[in-house]
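Participant: Let me begin by handing over the structure; questions about it come next.
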Amino acid sequence: MDMKKRVSLELRHRSPTEVQELVLDNCRSSEGKIEGITEEFSNLELLSLINVGLTSVADVPKLDKLKKLELSDNRISGGLEVLAERLVNLTHLNLSGNKFKDISTLEPLKKLPQLKSLDLFNCEVTNLADYRESIFKLLPQLTYLDGYDIDDCEASDSDGEVDGVEDEDEEGESEDFEEEEEDDEDVVAEDDDEDDDSGDDEDGEVNGDLDSEDDDEDEEDEEDDDEDSSPAKGEKRKRDPEDEDDDDDD
């Protein structure tokens, strides 16, 4: 797919001013030049053109907000002056896998005062004696060269991020995490309520059973009292002395 068509697809019905990241890796450039990217991408902060067949960056537009430029695995060998003129706020530049042979071809990068990370992996220039010392001397504004600082300390992940773009993603993730936590708390609360309700029902059933047993016992006691107060069945009632006297008079 050619670069112009790829740019159109990546826009996804947005205007160029709405785009902050543009990734065009593995598409094909015409005659080794940048195509389809204009100054209308005024809010662009990250541009990735990995393995697109570039031989020149002469057609890169003026992008004042661009901070990270990925140009690895192309065939660029020089002409970096245009980057210093049009990408004045660039902080990260990846030129790995290109055709840079001499330290002098990198000299235009001195005019990028914000540049703090430069990658030149798999470029012939890295085979020169005192390569690292020479680059740090040429570009004193650099913090990291090929992922390590001047003391050979590795760059942290946060140093490779573009401010703002990555932060938005992290904020979105934290908000989603907080929403998930709230949902979990609601579920737990509902479960507790259900447990309380079921406990009340069980208590009611147990108490109801106990009350019914007490009522049965009371009824049995009353029946026993009635039986004790009545004369035994078949037992002859004793005669009183007065009844006997009445019989004698007769």
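The values are calculated or read from the model by the stated rules, or taken from the named source; none is laboratory data. Note that this is a predicted model, so its numbers are computed, not measured. Neighbour counts are summed over all protein chains in view; Cβ atoms, including those assigned to glycine, are modelled from backbone coordinates with ideal geometry. SASA here: full protein model, heavy atoms, side chains in, ligands and nucleic acids out. Shrake-Rupley method; radii C 1.70, N 1.55, O 1.52, S 1.80 Å.
Participant: Find all pairs meeting these conditions: Cβ atoms under 7 angstrom apart; at least six residues apart or on different chains; first residue within segment 108-123 and at positive phi; second residue in a loop (DSSP other than H, G, I, E, B).
Facilitator: ASN122/SER96; ASN122/GLY97
Participant: Turning to a different aspect of this structure: Taking the criterion of being within 22 Å of PHE121 (Cβ to Cβ), assigned to a loop (DSSP other than H, G, I, E, B) and among the aliphatic types (A, V, I, L, M), would at least one residue in segment 96-109 satisfy it?
Facilitator: So far as segment 96-109 goes, no, none of its residues is within 22 Å of PHE121 (Cβ to Cβ), assigned to a loop (DSSP other than H, G, I, E, B) and among the aliphatic types (A, V, I, L, M).
Participant: Kindly indicate the residue of segment 1-23 that is in a helix (DSSP H, G or I) and either closer than 19 Å to LEU71 by Cβ or in contact with a helix residue (DSSP H, G or I) (Cβ under 7 Å, 6 or more places away or on another chain) (or both) and also most open to solvent (accessible area, probe 1.4 Å) among those meeting that condition.
Facilitator: Only one residue tops the list, namely LYS4.
Participant: If a residue must be loosely packed, with under 14 Cβ neighbours inside 10 Å and in contact (Cβ under 8 Å) with a residue 24 or more places away in the chain, how many such residues does segment 129-140 contain?
Facilitator: 0
Participant: Turning to a different aspect of this structure: Taking SER56 as meeting all but one of (1) part of a loop (DSSP other than H, G, I, E, B); (2) polar (S, T, N, Q); (3) within 31 Å of the chain's Cα centre (by Cα), write down the number of the exception.
Facilitator: (3)
Participant: Moving to a separate point now. Residues to consider are THR143, THR55; find the one that is farther than 20 Å from GLY36 by Cα, modelled with pLDDT of 95 or more and surrounded by fewer than 18 Cβ atoms within 10 Å (Cβ to Cβ).
Facilitator: Exactly one residue qualifies, and that residue is THR143.
Participant: Let me ask something additional. Would you say ASN89 is over 18 Å from LEU47 (Cβ atoms), open to solvent by 60 Å² or more (accessible area, probe 1.4 Å) and of a type in the set (S, T, N, Q)?
Facilitator: Answer is no for this residue.
Participant: May I ask you to list the residues in segment 146-158 that are of a type in the set (D, E, K, R) and open to solvent by 40 Å² or more (accessible area, probe 1.4 Å)?
Facilitator: Answer for segment 146-158, where residues must be of a type in the set (D, E, K, R) and open to solvent by 40 Å² or more (accessible area, probe 1.4 Å): ASP151, ASP152, GLU154, ASP157.
Participant: Quickly run through segment 106-125 and pick out the residues that are of a type in the set (S, T, N, Q), surrounded by fewer than 16 Cβ atoms within 10 Å (Cβ to Cβ) and within 18 Å of ILE76 (Cβ to Cβ).
Facilitator: Selection gives ASN122 alone.
Participant: Starting from residues that are within 17 Å of SER96 (Cα to Cα) and part of a loop (DSSP other than H, G, I, E, B), keep the ones in segment 24-53 and report whichever is farthest from the chain's Cα centre (by Cα).
Facilitator: GLY53
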